[in-house]
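Each remark here refers to the structure printed beneath this line.
Derivation of every value follows stated rules applied to the coordinates shown; laboratory data play no part. Model, not experiment: these values are computed from the prediction. Reconstructed Cβ throughout: ideal geometry from the backbone, glycine too, with neighbour counts over all protein chains shown.
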Amino acid sequence: MKKIKCLALSLFLAFSYSSFGQNSCGIAVDTNRIFLDKGLDGFLSILQSQAFETFKDKQQIPPFIRQQLNCLTNDKFSIANYNEDYRCCCTSSQELPRRKLLFFLASKDIFLIAYLTGGAGVSTTILMFRLQNEKVIDLWTGYGFQKFKSKDDVIKHIKLKRKTQFGLHANLSI
């Protein structure tokens, strides 16, 4: 049984690594560190201690963040606002954006974005960047199946799911 779990974890990490392990985006994406939640406590601490401004319009994503998101994805980080259509399922038009914005938060040290992605089913991606002088110095990503409405919803979900097997990471794609 232990060998099966090790094999499953190895395959998961191998496929996740290929999704966005190496890049030329100015940040090293350590998928193993993300999968093991090694930096998550730092992100949670800042989320709980700093004041954040909440946004719900993709046009308000700061340009340096948009540039980083574009670099990390193969589709110029196509995202719809909450009231717009997106590629929610396999029957959706390929012309639609791949994601639907729920909200994003910004402080001087953290940028958090929560958005829906579709396919065989709809899930919510949580993506956090740690910032320093308008530069991304760390990132963490996870997922869930509910439509988060606030920072508190995200924190509650992370605390509840982080100790369960694959609770926050089905894959590590952005």
(request) Could you give me the radius of gyration and the Dmax of region 2-161, taking only the C-alpha atoms into account and expressing both in angstrom? (result) 15.7, 47
(request) May I ask you to evaluate 6.51 cos²θ - 1.76 cosθ + 1.60, the Karplus curve with θ = phi - 60°, for each residue of region 117-123 and list the ³J(HN,Hα) values in order in whole Hz, giving x for glycine and proline? (result) 10, x, x, 5, x, 9, 9
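Find how much the distance from residue 108 to residue 120 grows on full extension, using 0.36 nm per residue of separation minus their present alpha carbon separation; answer in nm with one decimal.
Values: separation 12, 0.36 × 12 = 4.32 nm, distance 3.64 nm.
Gain on stretching residue 108 to residue 120: 0.7 nm.
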(request) Calculate one ³J(HN,Hα) per residue across region 34-50 by plugging θ = phi - 60° into the Karplus curve 6.51 cos²θ - 1.76 cosθ + 1.60, and present them in order as whole Hz with x for glycine and proline. (result) 5, 4, 8, 6, 5, x, 5, 4, x, 4, 4, 4, 5, 4, 7, 10, 9
(request) Calculate one ³J(HN,Hα) per residue across region 99-109 by plugging θ = phi - 60° into the Karplus curve 6.51 cos²θ - 1.76 cosθ + 1.60, and present them in order as whole Hz with x for glycine and proline. (result) 10, 10, 5, 8, 5, 9, 10, 9, 9, 6, 10
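At 0.36 nm per residue, and after removing the present C-alpha to C-alpha distance, how many nm does the segment from residue 163 to residue 67 gain when stretched out fully?
Fully extending the segment from residue 163 to residue 67 adds 31.3 nm.
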(request) First measure r as the distance between the Cβ atoms of residue 50 and residue 83, then evaluate 1/(1 + (r/R0)^6) with R0 = 25 Å and state the FRET efficiency to the nearest 0.05. (result) 0.30
(request) For residue 167, list long-range residues whose amide hydrogen, built 1.01 Å from N in the peptide plane, is under 5 Å from its own amide hydrogen. (result) none
